[in-house]
1. Give me the percent of accessible area attributable to carbon and sulfur for region 65-112, probe 1.4 angstrom.
2. Hey, with R₀ at 35 Å, roughly what FRET efficiency would Ser132 and Asp45 work out to, going by the Cβ-Cβ distance, to 0.05?
3. What does the net charge come to around Val31 if you take all other residues with beta carbon closer than 11 Å to its beta carbon, with K and R at +1 and D and E at -1?
4. Rank these by accessible area, largest first, 1.4 Å probe: Ser103, Ser128.
5. Largest first and to the nearest Å, give the Cα extent of region 55-162 along each principal axis.
6. Give me the net charge of Thr153's neighbourhood, meaning all other residues with Cβ under 13 Å from the Cβ of Thr153; Lys, Arg count +1, Asp, Glu -1.
7. I'd like to check one number: the per residue accessible area of region 44-110, probe 1.4 Å, reported in Å² as a whole number.
8. Could you please state, rounded to a whole Å, how far the C-alpha centre of region 158-184 is from the C-alpha centre of region 97-137?
Amino acid sequence: MSLLTWRGGRSLKVQGKKWENLVAKPPTIRVSGGTAKGRKLSRPDVYLRPMMGKVKEALFSILREYNVLREDATCLDTFSGCGSVGIEALSQGVGRAVFVDYSKAACKVIEENLEHCGFEERATVLCSTAQSVYDAPGDALKRVRRQSFDLVTITPPYEEVDYSDLLARVVRSESLLADGAVVVVEYPVELGSLPGRIGGRLVGMRNRKYGRTMLAVYALNPPPELDPRPGEFGELRTDYLEAASE
């Protein structure tokens, strides 16, 4: 088991449980900015742990620095849930987006949310595991004209994934990341810190804490003028180096 396999926290709800079986009520999810600002997004009738509004706003403020919110850019939103992050990218200027989620119920809701926001012509929804897309984007994304991405978001259910495995798959892929691509990872503070460099290709740009949520922003071989900050992250981990080189 990798050092960064989530082992579960007692206060975390389990993704997939019906909201009616939980004490808390599902939070309202809205588009934070851009052309669809304020639009309310639907969600499947299960607990999804979507990115909090304040975290999403902070993330897109950071992304504006890296020129990925542009018309000719393409976003890959993995572990999409209701599509909140990818829809935010479309609203704030990204030209196209691909949404990946293994749940058929989630994929159906993503399609409804895209139509509600007027983005259905700029998006593709794929019911698949994120891992299969990372491993072979050419095979998994046959319906998509472009199979390399300028922005990749990884926002998984904390307790069900191995972060070192996910990031190693992304780094190993020869075609997934376009030149200058930005990779965003949301992870729990209980994990400690992700490393500042991964596989010799991804360099840490920002690593920020918002309550119990951490946001790691990486770039593919960034130029010095983008101000890489690997020092905001943890030490370079051998498990990432080994996984990325296999």
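The values are calculated or read from the model by the stated rules, or taken from the named source; none is laboratory data. It should be emphasised that the depicted structure is a prediction, and the values quoted were computed from it without experimental measurement. So basically every Cβ, Gly included, is an ideal-geometry build from the backbone, and we count neighbours across all protein chains shown. Areas reflect the complete protein model, heavy atoms only, side chains present, ligands, DNA and RNA absent. Shrake-Rupley method; radii C 1.70, N 1.55, O 1.52, S 1.80 Å.
1. On the way: 800 of 1650 Å².
Result for region 65-112: 48 percent of the exposed heavy-atom area is carbon or sulfur.
2. Values: r = 26 Å, r/R0 = 0.74.
Efficiency computed from Cβ-Cβ geometry: 0.85.
3. On the way: positive: Arg30, Lys37, Arg39, Lys40, Lys56; negative: Glu57, Glu88.
Neighbourhood net charge equals +3.
4. Ser103, Ser128
5. Principal-axis extents of region 55-162 (Cα, largest first): 31, 30, 27 Å.
6. Combined, the nearby Lys, Arg, Asp and Glu give -4.
7. Details: 2350 Å² over 67 residues.
Value returned for region 44-110: 35 Å² of accessible area per residue.
8. Each part's Cα centre sits 18 Å from the other's.
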